[in-house]
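Please read the structure below before turning to the comments.
Readers should treat all values here as calculations from the given coordinates under stated rules, not as data from a laboratory. Since the model is a prediction, treat every value here as computed from it, not as a measurement. Cβ placement follows ideal geometry from the backbone for every residue including glycine, while neighbour counts extend to all protein chains displayed.
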């Protein structure tokens, strides 16, 4: 599923594509992308884009004359630009520009979402009101991270993915940040020291920065099937850890697959890994 970096790159692309241009016509197929919203309101969109904000994984469009649009990419949604008349597979909604280009919202599995509404209502929508702190848009210090996530009784990785606490992180970047910080995904937030909260905040920013760099361009492909895995830990179960060579572990956590290195991310900090204890005992004998 697209996470904060992918959605931020989509936002930047859309701003670039729409800058200086007008939407002259909008059209949309009848699909579940518009569940809970009126497709007719999307079709009536016209004019210039005044602003485009990202909150977590949501995009908030404001067009002239007070028209707004909330968009979520879901699992397979993406915005692509093509010249007029060039078809796009799984195109569900389209914005035709005065430049002759068309911006398509393509979504093969239809988990994405489009909700046209008055621009003045965008921040009042339930999906937006419930979002927590955005690490990129709002900033995120170790203290802010601890205040948001520390009270949770869930496992650390599950708590990081709670969009009401910290918004934008999903399975990929939560796993990557925990690996960078050397923290086991099953730790409880209350067990973290101030130094560990600092490491985690720094690691979240580093993982997001990596994602933004990898996603540059109009049609980044590093999350597509068959693309080279550029992540440090995500998707590397059964392979050697790049740092220590220990086999990367995977297990179910919060309904998702979690990846971690049992040596670099100890569940019990300060306790030597089993192989290290065995070597110590052998030397004593």
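Once you reduce the stretch 49-112 and the stretch 148-226 to the center of their Cα atoms, the two points are 27 Å from each other. For helix 274-284, what angle does its Cα long axis make with the longest principal axis of the chain, in degrees from 0 to 90 and rounded to 10? Roughly 20 degrees between the two axes. Helix 194-214 versus the longest principal axis of the chain: what is the Cα-based angle in degrees, 0 to 90, to the nearest 10? It works out to around 40 degrees. With r as the distance between the Cβ atoms of residue 46 and residue 75 and R0 = 22 Å, compute the FRET efficiency 1/(1 + (r/R0)^6) and round to 0.05. Using R0 = 22 Å, I get an efficiency of 0.15.
Mean projected area of the Cα convex hull of the stretch 1-56, taken over all directions, amounts to 4.8 nm². Across all directions, the average projected area of the convex hull around the alpha carbons of the stretch 142-232 is 6.1 nm².
Working from Cα pairs under 8 Å separated by at least six residues, relative contact order for the stretch 142-232 is 30 percent. Based on the Cβ-Cβ distance from residue 1 to residue 239, what FRET efficiency comes out when R0 is 25 Å, to the nearest 0.05? So, using R0 = 25 Å, E works out to roughly 0.65.
Values of log10 I(q)/I(0) for the stretch 16-138 across q = 0.16, 0.19, 0.20 Å⁻¹ run -0.76, -1.08, -1.20, by the Debye formula with one identical scatterer at each alpha carbon and no solvent. The overall shape of the stretch 24-83 is rounded: from the C-alpha gyration tensor, with semi-axes ordered a ≥ b ≥ c, the ratio a/c is less than 1.5. For the peptides 123-129, 68-74, 168-174, the ranking by packing is 168-174, 68-74, 123-129, with the highest mean count of neighbouring Cβ atoms within 10 Å listed first. Working value for the chain: equivalent-ellipsoid semi-axes of 42, 20, 15 Å, each the square root of 5 times a Cα gyration tensor eigenvalue, largest first. The C-alpha atoms of the chain define a longest principal axis, and helix 171-181 lies at about 40 degrees to it. Going by the alpha-carbon gyration tensor, a ≥ b ≥ c the square roots of its eigenvalues, is the stretch 168-215 rounded (a/c under 1.5) or, if a/c is not under 1.5, prolate (a/b greater than b/c) versus oblate? Prolate is the answer for the stretch 168-215, as a/c is 1.5 or above and a/b outweighs b/c.
So, R0 is 22 Å and r is the distance between the beta-carbons of residue 15 and residue 227; what FRET efficiency does that work out to, to 0.05? The pair residue 15/residue 227 has a calculated efficiency of 0.30.
If you wrap the Cα atoms of the stretch 144-183 in a convex hull and average its projected area over all directions, you get 2.6 nm².
Taking Cα pairs under 8 Å and at least six residues apart, what relative contact order does the chain come out at, in percent? Answer for the chain is 16 percent. A full extension of the chain between residue 37 and residue 216 corresponds to an added length of 61.3 nm, given 0.36 nm per residue minus the alpha carbon distance.
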